[in-house]
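One structure is given below, encoded as structure tokens.
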Amino acid sequence: MLLSGNIERSVLHLDLDTFFVSVERLKNSRLNGIPVIIGGMSDRGVVSSCSYEARRFGVSSAMPMKMARNMCPDAVVIRGDMELYSNYSNIVTEIIASKAPLYEKASVDEHYIDLTGMDRFYGCSKWSHELRQSIIKETGLPISIGLSVNKTVSKIATGEAKPNGEIEVHKEGVISFLDPLSINKIPMIGQKTYHVLRSMGIATIYTLRNIPSEMLGKLMGKNGIEIWKKANGIDSTPVFSYSERKSISTEHTFEKDTTDLLRLNQLITGMVEKIAFELRSQEKLTSCVTVKIRYSNFDTHTLQKRIPYTSFDHVLATVAKELFARLYQRRMLIRLIGVRFSYMVRGVQQLDLFDDTPEKVNLYLSMDNIRKRFGRNAVRRASGVLTIQEREEKAIKQLENALKEQNMMEERLRSGWRG
């Protein structure tokens, strides 16, 4: 909780309140004060976001739309516009980037800022308040903030500040702030863990933090220890600079330069499928796709496109192939092709699928589970798989190369023996 030199950390957490709903209300003021649900329009769709008015009826994110409509029949249901939400998210990020010394974009509607040491110059509380007011003034969006000694406590504080408020929790007040709260306020406690702990009679953070850490460790492994630390207000996780966030990419260099468009598009689909799986495994979304090609004369060109946040390869492959079609204009032989995802944030898979059904989301989850168990190539899209002839040609080429290497090795051995 302390940095070197006994400097107390100051971490600010910002969370846009009911973000999707708030953006829709900027477009249409008649939605103010009434129940609003964002998600798939069909009964088989899922709820992506909902207003506080809808939550009072029991509606929540990821709930089947049919159930949500039954719970709140008077709600206005909107399909949603992820491109619009992404644009507003980027505007908020730009405001933060222009003022913050070090910030992390944790999701489309959440940011962390490391303000450690700023108290000596300006005052963390005053600076945080003024930043929040700037965001509200420039975007019209409600936003809540929590300021404390680490990411966990500041995030919990933000939750308690909602809607559209701010809370500061000083170091000496961390335990008294956390103790009376429900255990489901701790960020890494999901529904399954919550029910396990409740079955043990653990309801409040006070009870949880007074359980021996070894007992939670035996019950839940490493996660149990982490939960115990968070319940005690301990979290050394740094704020990761958004500008330094790594991208995910892959490249393929051809053994023989090619202009075969069918093969190139198949390869792009396969490459996207590979790194989209990696993206989902890290529970992240991307908002930028880049395609790179290198011609046989080594001229290299790239083209990128900003898109609504997603992690689905059927969306990303379409964008990548569109970029390739725009990029490949010279009709020269291609030596290398690459795909990269960047501007990544954490996010759930159904975030950008307002019209997709739970079946489609579950299909992705099932395919990813098979890949995690049997290897990433256990399930592949047909459009991204090489034909039998192409696989045979590739195998023959690899065999020819192996034979060449073997002949060269034998020749070296004979030369050495003669010497």
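The values are calculated or read from the model by the stated rules, or taken from the named source; none is laboratory data. Not measured: the values here are computed from a predicted model. Ideal geometry is used to build each Cβ from the backbone, glycine not excepted, and the neighbour counts take in all protein chains shown.
Per-residue answers, yes or no, for (1) under 19 Å from Thr237 (Cβ atoms); (2) surrounded by 15 or more Cβ atoms within 10 Å (Cβ to Cβ):
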{"site": "Asn184", "(1), (2)": "no, yes"}
{"site": "Thr193", "(1), (2)": "yes, yes"}
{"site": "Arg209", "(1), (2)": "yes, yes"}
{"site": "Pro212", "(1), (2)": "no, no"}
{"site": "Leu216", "(1), (2)": "yes, yes"}
{"site": "Met220", "(1), (2)": "yes, yes"}
If we scan the stretch 253-270, do we find a residue that is hydroxyl-bearing (Ser, Thr, Tyr) and either assigned to a helix (DSSP H, G or I) or surrounded by 16 or more Cβ atoms within 10 Å (Cβ to Cβ) (or both)?
yes
Looking only at the stretch 115-144, filter to residues that are in contact with a Pro (Cβ under 9 Å, 6 or more places away or on another chain) and surrounded by 21 or more Cβ atoms within 10 Å (Cβ to Cβ); which one of those is modelled with the lowest pLDDT?
Leu115
Among the numbered criteria (1) more than 29 Å from Arg306 (Cα to Cα); (2) in contact with a His (Cβ under 6 Å, 6 or more places away or on another chain), which single criterion is violated by Glu172?
(2)
Just to confirm my filter: which helices (runs of 4 or more DSSP H) fall fully inside the stretch 168-239 and include at least 2 residues that are over 18 Å from Leu147 (Cβ atoms) and without any contact (Cβ under 8 Å) to a residue 60 or more places away in the chain?
191-199, 205-209, 213-220, 222-231
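Among the residues of the stretch 104-143, which ones are charged (D, E, K, R) and outside any strand (DSSP E or B)? It would help to see each step written out before you state the result.
Taking the stretch 104-143 first, the residues charged (D, E, K, R) are 104-105, 109-110, 114, 119-120, 126, 130, 132, 137-138.
Correct list: Asp109, Asp119, Arg120, Lys126, Glu130, Arg132, Lys137, Glu138.
Mind checking which residues of the stretch 328-365 are assigned to a helix (DSSP H, G or I) and either acidic (Asp, Glu) or modelled with pLDDT under 55 (or both)?
Initial filter on the stretch 328-365 (assigned to a helix (DSSP H, G or I)): 349-352, 358-365.
Those that are assigned to a helix (DSSP H, G or I) and either acidic (Asp, Glu) or modelled with pLDDT under 55 (or both): Gln349, Gln350, Leu351, Asp352, Glu359.
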Given Thr152, Thr158, which one is surrounded by 21 or more Cβ atoms within 10 Å (Cβ to Cβ) and more than 17 Å from Leu16 (Cβ to Cβ)?
Thr152
Out of all the residues in the stretch 285-296, which are assigned to a strand (DSSP E or B) and either small (Gly, Ala, Ser) or not assigned by TED's automatic domain parsing to the domain that holds Thr310 (or both)?
Ser287
Test Asp299 against the stated conditions and say whether it is touching a Ser or Thr at 6+ places or on another chain (Cβ under 7 Å), more than 30 Å from Glu104 (Cα to Cα) and either at pLDDT below 95 or not assigned by TED's automatic domain parsing to the domain that holds Leu327 (or both).
no
Subset of the stretch 15-41 (residues that are at pLDDT below 95 and under 10 Å from Val77 (Cα atoms))
Ile38, Gly39, Gly40, Met41
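Restricting attention to the stretch 62-91, and to residues there that are of a type in the set (Val, Ile, Thr) and within 23 Å of Val315 (Cβ to Cβ), which single residue is surrounded by the fewest Cβ atoms within 10 Å (Cβ to Cβ)?
Just the residues of the stretch 62-91 that are of a type in the set (Val, Ile, Thr), to begin with: 76-78, 91.
Filter again for within 23 Å of Val315 (Cβ to Cβ), leaving 77-78, 91.
Values: Val77: 20, Ile78: 20, Ile91: 14.
Per the stated criteria, the residue is Ile91.
Tell me the residue from Ala68, Ala75, Ala97 that is modelled with pLDDT of 90 or more and closer than 20 Å to Gly140 by Cα, please.
Just one listed residue meets the conditions, Ala97.
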Give me the strands (runs of 3 or more DSSP E) completely within the stretch 1-92, filtered to those with at least 1 residues that are among the aromatic types (Phe, Trp, Tyr) and in the same structural domain as Val174 (by TED's automatic domain parsing), ordered by residue number.
none
Conditions (1) of a type in the set (Ser, Thr, Tyr); (2) in contact with a His (Cβ under 6 Å, 6 or more places away or on another chain); (3) surrounded by fewer than 15 Cβ atoms within 10 Å (Cβ to Cβ) -> Ser98 fails only (2)
Just to be sure, is Leu147 in a strand (DSSP E or B) and either over 30 Å from Ile183 (Cα atoms) or at pLDDT 90 or above (or both)?
yes
